[in-house]
Amino acid sequence: MDAIGQAWTWLTTGASWSGADGIWHRLGEHVYLTVVCLAISCVLALPVALVLGHLRRGGTLAINLSNVGRAVPTFAVLVLLVLSPLGRYGQWPTVIALVLFAVPPLLTNAYVGMTEVDRDVVESARGTGMTGGQILLRVELPLAFPLIMTGVRTAAVQIVATATLAALPGGGGLGRLITAGFAQQHTYQVVGGAVLVAALALLVEAVFAGAARLGDPLRHQRRSRRKEVNSRGLSKRWVTE
Amino acid sequence: MAADNCLVANDWICGEYVRTRAHDLTAATLQHLWITGVSVALALVVAFPLALVARRWKPVAGPVLGFTTVLYTIPSLAMYSLLLPVFGISASVVVTGLVLYSLTILVRNILAGLQAVPEDAREAARGMGYGPLRLLLRVELPLALPTVMAGLRIATVSAISLTTVGAIVGYGGLGNLIYDGMNTLFKAEVLTASAICVALAIAADLLLLGVQRLLTPWTRTRRTARSARPSRARTGEAAA
C-alpha cells in the first residue's frame, strides 16, 4: 500500500508535471487526440446514421458494427496499424484506430435513436406537408437527441480509453506515464498515471452526460415522461449502455 | 526454402511461424481462455446477489448501478495499473479487472431481465403456492434468461478482447504474443495472435447463443418475428 502514498507524492510534486515527459504535456496530447478523433468520428458516422435511420435502412449493418467493434481487441488493432506501412506516418495509426473504435457506438446509437421515433409522429409531420429533410432535422433529430448523445459520450470515453493504450506501441498521451512507470519499475508512477487516466475518463463521461441533459431540445417535455419510466424501476437506458 | 523465407521476410501471414511456435500459441490461447472464463464465472457469481439486493431494496439500486458504471468507464490499462499495488504482478490483476468490467454488464442485464417479468406470471405462481425462492428459480429466472444471456454474451466477448491488455503485467493470454510481436516488430506473431483472439470471441458468442437457444426453446418462434427490428439490448458499449 506504500505505492499509493508515493503515487500521491508524485502527483503533488511540481516536477512531475513539467517537461516533455511531464503530466501537462501528456495530458495535452491526450486531450488533443481525443478532441480531434471525436470530431472526425462524428463527421464520418453521424450523417450516415441519421440518413440510414431516416430511411430506416441498413439496420443490420448499424447494429452488427457494434458487435464487431466489441470482439476486436483495440490493443491488437493499434499494434497491427503501427506495424503496417501506415506506421511510418507518425500519429496516423493512432488516429485511425481511435476513429475505428469510436464509429460503431456513434453509428449504432444514432441509428437506433432515429428508428425509435414514433412512426405516427413522422406520418403526421408528413401530413402537414413537411419534406423528408425537414422531418429529419425538425422532428426526428430532436426526438433522437438523447440516444445520439449517448453514442457521442460512449465514443468519447472509448477514445480516451483507446488513446491510453496507444502508448504501448509508442504513441503519446497519459498512457505514456503508465508505460514509463512499468519500464522503470516505478509502481507509484504506474498508479499515479492510472489515477489521471481514470479521472479524465470519468470527467469526459460526466461532461457529456451533462451536455446531453442541458442540450436536449425537448428537455422540458421529456421530464414528465422520465418520471413515469423511473417509477417502474429502471429506465430502458440502463440496458443499452 | 520458401517456407523459411516468410519468417526472414517478416510476412504478415506465415505458415512456418504457426508450425514452429504451435506450442507458444497453444499456451497463450489456454491462458487467454482460463483468464476470461474464471473472470466471467466469478462476475456471474457476484452479479446475481447484487442484482437481487438491488431489486429487493430500491434505494440500493441507484448507487450499485452508479458504482458499476464508474468502474466501467475506467480504461483497462488504468484499471490493471490501479490493481497493481494490491496484487503485485500476477494474474489476479487481470482477473479482478475483468470481473469488475463484467459486473457492470451482468448486474444491469439481470436486473432488467427480472424487472421485465410480467406481474401476471408472478401472481399466477404465487396463486399456485410458490414461495419466493421457488418463484425466483422456476418462474422469474427462466423468463429473465434471454436478457441475462444477452448480457453474458456481451460480457464474455468484451472480456476476451480486454484480456489482451493484461500483457502489461505478463498475463494477457494472446495479448502477450501481440506485446512481444510489437517489441520485436514480428508481424506474423501479431496477426496470428490477433486473429485467434477474434476467433475466440466469435466462437464464445456463438456457443453462448447456442446454450441460450437450448435453455429457452420457447423464445425461438417469437424471436424470428421480432428480429426484423434491432433490439436495444444489443447496442452496448465496450471499454478499451
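The values are calculated or read from the model by the stated rules, or taken from the named source; none is laboratory data. Keep in mind the model is a prediction, meaning the values are calculated, not measured. Cβ sites come from the backbone with ideal geometry, for glycine too, and all protein chains shown count toward neighbours.
Take the conditions (1) polar (S, T, N, Q); (2) within 30 Å of B:Ala121 (Cα to Cα); (3) in contact with a His (Cβ under 9 Å, 6 or more places away or on another chain); B:Thr164 misses just one of them, which is (2). Is there a residue being surrounded by fewer than 20 Cβ atoms within 10 Å (Cβ to Cβ), more than 22 Å from A:Thr108 (Cβ to Cβ) and in contact with a Lys or Arg (Cβ under 8 Å, 6 or more places away or on another chain) anywhere in segment A:63-85? Within segment A:63-85, not a single residue is surrounded by fewer than 20 Cβ atoms within 10 Å (Cβ to Cβ), more than 22 Å from A:Thr108 (Cβ to Cβ) and in contact with a Lys or Arg (Cβ under 8 Å, 6 or more places away or on another chain). Of all residues in segment A:46-91, those being among the aromatic types (Phe, Trp, Tyr) and part of a loop (DSSP other than H, G, I, E, B) number 1.
If the condition is being surrounded by 15 or more Cβ atoms within 10 Å (Cβ to Cβ) and of a type in the set (Ser, Thr, Tyr), then segment B:11-20 contributes only B:Tyr17. The residues of segment B:70-112 that are polar (S, T, N, Q) and within 14 Å of A:Leu196 (Cα to Cα), listed by number, are B:Thr73, B:Ser76, B:Ser81. Filter segment B:62-78 for residues that are free of Cβ contacts under 8 Å to residues at least 60 places away in the same chain, within 8 Å of chain A (Cβ to nearest Cβ) and touching a Leu at 6+ places or on another chain (Cβ under 7 Å) and give the result. The one that is free of Cβ contacts under 8 Å to residues at least 60 places away in the same chain, within 8 Å of chain A (Cβ to nearest Cβ) and touching a Leu at 6+ places or on another chain (Cβ under 7 Å): B:Val70. If the condition is being more than 12 Å from chain A (Cβ to nearest Cβ) and more than 20 Å from the chain's Cα centre (by Cα), then segment B:36-55 contributes B:Leu52, B:Val53.
Set side by side, the residues B:Val8, B:Val60, B:Val45, B:Val40 differ, and just one is modelled with pLDDT of 90 or more, of a type outside the set (Gly, Ala, Ser) and exposed (fewer than 14 other Cβ atoms within 10 Å of the Cβ), which is B:Val45. Among the criteria (1) surrounded by fewer than 21 Cβ atoms within 10 Å (Cβ to Cβ); (2) more than 29 Å from A:Asp118 (Cα to Cα); (3) within 12 Å of chain B (Cβ to nearest Cβ); (4) at pLDDT 90 or above, the one A:Ile40 does not fulfil is (3). Which one is modelled with the lowest pLDDT among residues in segment B:21-37 that are over 30 Å from B:Leu103 (Cα atoms) and surrounded by 14 or more Cβ atoms within 10 Å (Cβ to Cβ)? So, considering only residues that are over 30 Å from B:Leu103 (Cα atoms) and surrounded by 14 or more Cβ atoms within 10 Å (Cβ to Cβ), the one modelled with the lowest pLDDT is B:Arg21.
Scan segment A:189-198 and tell me whether some residue there is surrounded by 20 or more Cβ atoms within 10 Å (Cβ to Cβ), of a type outside the set (A, V, I, L, M, F, W, C) and more than 12 Å from chain B (Cβ to nearest Cβ). Checking segment A:189-198: not a single residue is surrounded by 20 or more Cβ atoms within 10 Å (Cβ to Cβ), of a type outside the set (A, V, I, L, M, F, W, C) and more than 12 Å from chain B (Cβ to nearest Cβ).
Of the residues A:Leu202, A:Leu174, the single one that is in contact (Cβ under 8 Å) with a residue 24 or more places away in the chain, of a type outside the set (Val, Ile, Thr) and in contact with a Ser or Thr (Cβ under 8 Å, 6 or more places away or on another chain) is A:Leu174. Scanning segment B:178-195 for residues that are within 10 Å of chain A (Cβ to nearest Cβ), under 24 Å from the mean Cα position of the chain (by Cα) and either closer than 19 Å to A:Gly170 by Cα or in contact (Cβ under 8 Å) with a residue 12 or more places away in the chain (or both) gives B:Ile178, B:Tyr179, B:Val190, B:Leu191, B:Ala193, B:Ser194.
When residues in segment A:108-157 are screened for being loosely packed, with under 14 Cβ neighbours inside 10 Å and part of a loop (DSSP other than H, G, I, E, B), 4 of them pass.
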